[in-house]
Every structure is written in structure tokens, then in C-alpha cells.
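> My questions will all concern the structure given below.
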Amino acid sequence: MSRLSFSHVLLASFFLIAAILGSAAVSGLIALETFAERSRAGANHALRSTAAVQQLAERSVDMQRAARQYRVLEDAELLERFALARRDAEVALERIETLGLPHVGTLVESWRDAALAATEALAVESDGEDQLTSALERLTPINEQLATAVRVQIGRDSQQRLDELDANRVMLGWHVTLAFIAAGLLAALTGWWILRPLRRVERAIDALGESRLAETVSISGPADLRRIGRRLDWLRQRLAELEANRARVLRHVSHELKTPLASLREGIALLDDRVVGGLNAGQREVVSILENSARILQQRIEGLLGYNAAVFDAHTLRRRPVSLRALIDQVVASQQLQIQGRGLRVLVEGDVPNLAADADKLEIVFANLVANAVSFSPDGGALRIVLSTDAERARVDLIDEGPGIPADEAERVFEPFFQGRDQPTVDRNGSGLGLSIVREFVQAHGGTVTLQKRNKGAHFTVELAYEN
């Protein structure tokens with residue numbers, strides 16, 4: 001099985017299912033042919049039996065007529081006709097004997113005795129009249145009894161064939177049912193053996209897309225799917241290396257820039273304090289621009305360091321029971337000054353059971369999301385935070401009334417340093433790292449954060465599993 005490819009498994013399953021269903025069809029065909037052959041044999045047997053009984057009755061009538069005419073006319077030809085009718089009747093009797101019917105032998109012997117008695121009576125010219133009449137009268141009831149026995153046997157044979165037909169029909173029904181069950185089980189087993197690794201491939205691709213690079217990709221099943229699994233694991237390792245190199249470069253660049261930046265800001269401060277001499281208006285304006293640019297650059301560098309620290313810290317969780325409702329209420333209370341300053345209404349709805357999580361990191365997650373919503377919401381607007389749950393996950397929806405996020409930017413909002421076209425009118429001094437940190441911390445908890453489609457405003461959804 002280890003060397004079978006996807007196409008080999010499908011082909012083998014197709015042939016096995018076809019063989020199972022074909023065997024049921026062949027079994028039905030054989031049963032039908034057998035019944036047809038037995039029906040033909042039974043019909044021929046019934047036809048021969050009926051013909052023999054009819055021939056016996058006709059020859060018996062011929063014998064009676066020839067015997068009575070001989071008594072009147074005493075014509076030797078009539079006596080010969082009697083003998084010929086008796087011989088034909090004997091042939092019919094032999095056919096009836098071969099049928100093997102019960103109690104027929106006694107009737108046949110009785111008929112022969114009566115025919116012999118009639119023959120002997122014909123040999124006597126005058127005294128045998130009563131004997132002849134008695135013998136001939138015995139033939140008719142014997143013929144009727146033989147006919148009845150034949151009809152009863154034909155009826156029994158017909159009923160037996162009908163019973164066999166019913167039995168074959170029931171057996172064929174079981175064969176077909178078992179064949180379909182076996183084919184269904186085989187199809188289900190094949191589907192499970194193929195679809196299970198496909199689901200693993202899908203989960204592995206999702207993990208790579210969500211930057212969960214610590215999970216080893218291991219795919220079982222057909223050989224070609226295992227090859228895909230090995231390539232995906234190679235891709236995971238390459239992405240992990242690239243991510244590590246990116247983080248290392250950012251860390252080194254950030255540290256390397258801090259020293260010359262500190263010297264630059266110190267020199268700008270000396271110029272601004274006129275330590276090296278007085279400055280005219282134009283020079284003071286240049287110094288102000290340099291000082292502002294240096295401050296922004298330092299914020300960017302500190303943001304880089306903070307983001308790298310957050311990414312590194314995301315892999316270390318200190319889990320304990322956390323009440324999401326209490327944590328979100330705490331986050332809203334901590335930003336109450338900004339909320340009141342904008343005249344916003346914050347509505348927190350619903351509740352969920354406690355879950356094992358790192359409260360500090362989740363506080364950063366919801367603090368960033370609430371801060372973004374406050375910054376982008378219009379004055380006097382509303383921010384809804386809705387908590388809901390199912391059997392496996394807790395869900396938090398944050399819905400604001402701001403300008404929203406364009407569809408072409410929806411996939412990039414969680415990228416580091418990305419800032420969209422629509423910016424709030426208030427000064428945020430944001431670096432574009434907040435949502436990136438949100439995604440890192442949520443994914444570290446085994447959850448997801450997504451941006452929902454909405455005509456107006458932004459709608460973020462955070463889902464966290466109760467067990468990880």
C-alpha cells in the first residue's frame with residue numbers, strides 16, 4: 001500500500017467496486033438462467049404428461065368402441081383395431097410410469113388388468129359379455145384417476161418452481177444488498193484513506209499561510225500525497241529560515257541604527273541649544289525638521305524592536321483561567337479618557353465561559369483593537385463588542401462605525417508596518433505594527449483573527465479555542 005499513488009488507489013477501488021457489483025449481477029443472471037431452464041423442463045414434462053393421459057383416454061375410448069362393434073359385427077378388423085388401440089394405450093402407460101408419480105403404479109396395473117380382462121372376454125364368443133362390459137367400464141375411472149394424479153403432480157411441480165423462484169429472489173436480494181453494502185464500505189474506506197491526508201494537506205497549507213511554522217508537516221496515505229507532504233515540510237523549513245533571517249536582520253539593523261541615531265539626535269540637540277553658536281531662522285527650521293525626522297525614525301526603530309520582541313514572546317504563554325468579559329471591560333476602562341474625548345459609546349454585549357489563556361497578551365490584543373476602533377470612529381459614534389460562544393470556541397466581534405477598510409487592503413492589514421489609505425483625523429503616531437502583534441498573539445493561542453466584510457465600518461472577529 002505504501003507505494004500506491006492517488007490514481008492507483010482510485011483505479012483499484014473502481015475495479016473492486018465493479019467486481020463486487022458485477023458478481024451480484026452474475027449471480028442474479030445464473031439464478032435466472034437456472035429458473036428458466038427448470039421452467040422449460042417443467043413445461044415439457046407437463047406437456048408430455050398431459051399428452052400421455054389424453055392419449056390413454058382416447059385409446060381407451062377406441063378400445064371400448066372397437067370391442068362393442070366387434071360384439072355386434074364380429075368383424076376381425078375390429079378386433080385388430082382393438083388390439084392396436086391397446087398397444088397405443090400401453091405406450092401411453094409406459095410414459096406415465098416414467099413420470100414416477102406416487103400411487104400411479106397401482107392404477108397402471110389396474111388398467112392393464114382391466115384391458116387384459118376385456119381382451120380375454122372378447123376371445124369368448126357369447127358368455128363373456130358381462131366380463132367385457134365390466135372390464136371396459138373399469139377403464140374410464142382409472143383414466144380419470146390417472147389424469148387427476150398427473151394434474152396434481154403438475155400443480156406440485158409448478159408450486160415447487162414458484163417456491164424456488166421466491167427463494168432465488170430473496171437470495172438475489174440479499175446478494176445485491178450485501179454487494180451494495182460492501183461497495184459502499186469500500187468506497188467509504190477509500191475516500192477516508194484519500195481524504196484524510198488531503199485534509200492534513202489543507203491544514204498544513206493553512207498553518208503555513210498563518211505563519212505557524214513550528215508544526216511539522218507529516219502526510220500519510222498515497223505515495224504522491226506523501227511526496228506533497230514532504231515538499232510542504234521543506235517549504236515550512238524554508239519559510240522558517242527566511243522568517244528567522246528576517247527577524248535577525250531587523251534586530252541587527254535596529255540595534256545598528258540606534259547608536260548613530262542617538263549621536264544624530266544629540267548633535268541636533270546641541271544645535272538647538274545653540275552650544276556651537278547662534279542660529280538664524282532658516283537654520284532653526286532645518287534643525288526642527290531634523291529633530292522631528294529623527295524622533296519619527298527612533299519610533300520606527302523602537303517599533304521594530306517591540307515587534308520582534310512580541311513575535312518572540314508570542315511563543316511563551318503563561319496560561320491561566322481568564323474571563324474575557326472582565327478583561328475587555330478592563331481594556332475599555334483603561335481607554336475611557338480617549339473614548340470620552342471623542343464622545344463615543346462603547347457597548348459590551350454577552351459573555352463567555354472562562355478559558356485558559358495568557359491574560360497579558362490577550363489584553364494587548366484587545367487594547368490594540370479597541371484603540372484602532374476609537375481612533376477611526378467618528379465623533380459621537382458607537383463601538384460594539386459582542387461576546388459569543390459555541391461548544392469549542394469563544395468569539396469576540398468588534399464593530400465600529402469608521403470609514404472601514406477597502407477590499408484591496410483587507411488582506412494586508414495584518415502585515416507589519418502597513419497603514420491604509422484612510423487614516424484618522426486625530427494624531428495616532430501609529431507604526432502599523434498593532435494588528436501584526438494582534439495576529440501573532442492570537443495565533444499563539446491557537447485562535448484566529450479575521451476582518452469581516454462590511455459596507456460601513458470595520459468588523460474584526462477574534463476566535464479562541466477553549467482547549468489547545
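The values are calculated or read from the model by the stated rules, or taken from the named source; none is laboratory data. Since the model is a prediction, treat every value here as computed from it, not as a measurement. Cβ: placed from backbone, ideal geometry, glycine included. Neighbour counts: every protein chain shown.
> Return a yes/no flag: does region 172-188 have any residue that is over 30 Å from residue 28 (Cα atoms), of a type in the set (A, V, I, L, M), surrounded by fewer than 16 Cβ atoms within 10 Å (Cβ to Cβ) and under 20 Å from the mean Cα position of the chain (by Cα).
No, there is no match, as no residue in region 172-188 is over 30 Å from residue 28 (Cα atoms), of a type in the set (A, V, I, L, M), surrounded by fewer than 16 Cβ atoms within 10 Å (Cβ to Cβ) and under 20 Å from the mean Cα position of the chain (by Cα).
> Could you list, in sequence order, the residues of region 62-108 that are of a type in the set (A, V, I, L, M), surrounded by 12 or more Cβ atoms within 10 Å (Cβ to Cβ) and more than 30 Å from residue 156 (Cα to Cα)?
63, 66, 67, 78, 79, 83, 84, 85
Conditions tested, residue by residue: (1) within 30 Å of residue 91 (Cα to Cα); (2) outside any helix (DSSP H, G or I); (3) under 46 Å from the mean Cα position of the chain (by Cα); (4) outside the structural domain of residue 95 (by TED's automatic domain parsing).
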residue	(1), (2), (3), (4)
15	no, no, yes, no
38	yes, no, yes, no
43	yes, no, no, no
49	yes, no, no, no
53	yes, no, no, no
63	yes, no, no, no
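> Taking the condition of a type in the set (S, T, N, Q), closer than 19 Å to residue 12 by Cβ and either surrounded by fewer than 16 Cβ atoms within 10 Å (Cβ to Cβ) or at pLDDT 80 or above (or both), does residue 211 pass?
no
> Outside the structural domain of residue 442 (by TED's automatic domain parsing) and part of a helix (DSSP H, G or I): does that describe residue 217?
No, not satisfied.
> List the residue pairs whose Cβ atoms are under 6 Å apart, where the first residue sits in region 50-79 and is within 30 Å of residue 98 (Cα to Cα) and modelled with pLDDT under 85, the second is among the hydroxyl-bearing types (Ser, Thr, Tyr) and part of a helix (DSSP H, G or I), and the two are 6 or more positions apart or on different chains.
Within 6 Å, the pairs are 79/70.
> Tally time: how many residues in region 380-414 are over 36 Å from the mean Cα position of the chain (by Cα) and part of a strand (DSSP E or B)?
Result for region 380-414: 5.
> Consider residue 123 carefully, then state whether it is at pLDDT 80 or above and either closer than 30 Å to residue 39 by Cα or assigned by TED's automatic domain parsing to the domain that holds residue 35 (or both).
When the stated conditions are applied, residue 123 does not pass them.
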